[in-house]
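Q: Sharing a structure, written as structure tokens. Questions coming.
Coordinate-derived values only; no laboratory data. Every value quoted in this text rests on a predicted model; they were computed, and no experiment measured them. Every residue, glycine among them, receives a Cβ derived from its backbone with ideal geometry; neighbour counts consider all protein chains shown.
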Amino acid sequence: MIGERLERLVEEMVDKGVQFDDAVHEFEKRFIARVLGQCSGSLTKTADALGMHRNTLTRKMGEYKIKRRAG
């Protein structure tokens, strides 16, 4: 089910001429922001849920200008 939805999204993005790096960055930004919200702004919990080091998360948040919001 998720594979089919993802396939349609990829097809749509390719058809619209979205470049790979732009697609990856947009996905990563939204994914991180969603998990951060689910973890009530906790960087440690978010990093654990994403399977990345807390320093990597902090760097990516800065890169994507993701704000930390306490829940």
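Q: What net charge do the residues around S40 carry, taking every other residue with its C-beta under 15 Å from that of S40, with Lys and Arg at +1 and Asp and Glu at -1?
A: For residues surrounding S40, the net value is +4.
Q: Between rounded, prolate and oblate, where does region 24-71 land on the alpha carbon gyration tensor, with a ≥ b ≥ c its root eigenvalues, rounded for a/c under 1.5, else prolate if a/b exceeds b/c?
A: Rounded, since a/c falls under 1.5.
Q: Still on this structure, I have one more. Charges at C-beta only: +1 for Lys and Arg, -1 for Asp and Glu. How large is the resulting dipole of region 24-71 about its Cα centre, in Debye rounded to 20?
A: 200
Q: Using 0.36 nm per residue, how much length does the chain from L9 to E63 gain when fully extended, once their Cα-Cα distance is taken away?
A: So the extension gain works out to 17.0 nm.
Q: Among all the lysines, which ones have a C-alpha under 24 Å from K60's C-alpha, if same-chain residues fewer than 8 places away are not counted?
A: Output for K60: K29, K45.
Q: Calculate for the chain the 222 nm mean residue ellipticity that helices alone would give, adding -39,500 (n - 2.57) per DSSP H run of length 4 or more and normalising by residue count, nearest 500 deg cm²/dmol.
A: Computed ellipticity for the chain at 222 nm equals -23000 deg cm²/dmol.
Q: Count the net charge of all other residues whose Cβ sits under 13 Å from the Cβ of D22, scoring Lys and Arg as +1 and Asp and Glu as -1.
A: Neighbour charge sum, excluding D22 itself: 0.
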